[in-house]
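Take a look at the structure below.
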Amino acid sequence: MTERVEKAVEILKNTGVRMTPQRHAILAYLLESMSHPTADEIYKALEGRFPNMSVATIYNNLRVFKEAGLVRELTYGDSSSRFDANTHEEHYHVICSECGAIHDFHFPYLNEVENAAAKTAGFKVTGHRMEVYGICEKCQKEKSH
């Protein structure tokens, strides 16, 4: 078990969440894949190990993880949310408009935008969101063949 999974398990236990084998597998998949999966993708990845697990089980556990601050739900206007387990460092997403792949990138200067917005508009800024869209390397290569 990775250190990130161990820390997440500890956080859940401290909030009174019982650790089941299914819950542990979902959490480990999210923390180790870092691919921003949908609930269906998590289900498909784990159904061989847990044949009695339902998609509802995945959603219920994702809600528990969200409430504990372990995952963020990403909604981009399409039908299914994606889940990001990288909540410990500020980052943004670049999204492929062909295949839907999402990659993290870091751009710390955007925090200055929050400061400017707070000063200019007099708001107490609670966060911001930025997405960049394009075509990933894999899709670019497929198009060139």
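The values are calculated or read from the model by the stated rules, or taken from the named source; none is laboratory data. Quick caveat: nothing in here was measured; it's all calculated off a predicted structure. Neighbour counts run over all protein chains shown; Cβ positions are idealised from the backbone, glycine included. Heavy atoms of the whole protein, side chains included, go into the accessibility calculation; ligands, DNA and RNA do not. Shrake-Rupley method; radii C 1.70, N 1.55, O 1.52, S 1.80 Å.
Could you please give the count of residues in the stretch 15-33 that are surrounded by 13 or more Cβ atoms within 10 Å (Cβ to Cβ), modelled with pLDDT under 90 and of a type in the set (Ser, Thr, Tyr)?
Summing the residues that are surrounded by 13 or more Cβ atoms within 10 Å (Cβ to Cβ), modelled with pLDDT under 90 and of a type in the set (Ser, Thr, Tyr) in the stretch 15-33 gives 1.
Output the number of residues of the stretch 82-108 satisfying the condition of being out of contact with any Leu (no Cβ under 8 Å at 6 or more places or on another chain), open to solvent by less than 60 Å² (accessible area, probe 1.4 Å), assigned to a loop (DSSP other than H, G, I, E, B) and under 14 Å from Arg72 (Cβ atoms).
Residues meeting the conditions: 2.
Matching residues to (1) in contact with a strand residue (DSSP E or B) (Cβ under 9 Å, 6 or more places away or on another chain); (2) under 25 Å from Arg82 (Cα atoms); (3) not polar (S, T, N, Q):
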residue: Ala101; (1), (2), (3): yes, yes, yes
residue: Asp104; (1), (2), (3): yes, yes, yes
residue: Lys119; (1), (2), (3): no, no, yes
residue: Thr126; (1), (2), (3): no, yes, no
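How many residues are closer than 21 Å to Leu74 by Cβ and open to solvent by 90 Å² or more (accessible area, probe 1.4 Å) when one looks only at the stretch 115-136?
Qualifying residue count, the stretch 115-136: 3.
In the stretch 1-14, how many residues are open to solvent by 40 Å² or more (accessible area, probe 1.4 Å) and in a helix (DSSP H, G or I)?
Final tally of qualifying residues: 8.
A quick yes/no check of all residues on (1) free of Cβ contacts under 8 Å to residues at least 60 places away in the same chain; (2) under 25 Å from Ile135 (Cβ atoms):
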position: Ala8; (1), (2): no, no
position: Leu12; (1), (2): yes, no
position: Ile42; (1), (2): yes, no
position: Phe65; (1), (2): yes, no
position: His93; (1), (2): yes, yes
position: Asp104; (1), (2): no, yes
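Before we move on, is Cys139 part of a loop (DSSP other than H, G, I, E, B) and farther than 30 Å from Val9 by Cβ?
So Cys139 does not fit the description; no.
So which residues in the stretch 15-36 are within 12 Å of the chain's Cα centre (by Cα), of a type in the set (S, T, N, Q) and part of a helix (DSSP H, G or I), if there are any at all?
If the condition is that a residue be within 12 Å of the chain's Cα centre (by Cα), of a type in the set (S, T, N, Q) and part of a helix (DSSP H, G or I), then Ser33 is the only one that fits.
Only one of (1) open to solvent by 30 Å² or more (accessible area, probe 1.4 Å); (2) in contact with a strand residue (DSSP E or B) (Cβ under 8 Å, 6 or more places away or on another chain); (3) farther than 24 Å from Arg4 by Cβ; (4) modelled with pLDDT of 85 or more fails for Glu73. Which number is that?
(3)
Only one of these conditions is not met by Asn111: (1) part of a helix (DSSP H, G or I); (2) at pLDDT below 85; (3) under 30 Å from Gly16 (Cα atoms). Which number is it?
(3)
Kindly indicate the residue of the stretch 34-48 that is out of contact with any strand residue (DSSP E or B) (no Cβ under 9 Å at 6 or more places or on another chain) and open to solvent by 40 Å² or more (accessible area, probe 1.4 Å) and also farthest from Phe105 (Cα to Cα) among those meeting that condition.
Filtering the stretch 34-48 for residues that are out of contact with any strand residue (DSSP E or B) (no Cβ under 9 Å at 6 or more places or on another chain) and open to solvent by 40 Å² or more (accessible area, probe 1.4 Å), the one farthest from Phe105 (Cα to Cα) comes out as Gly48.
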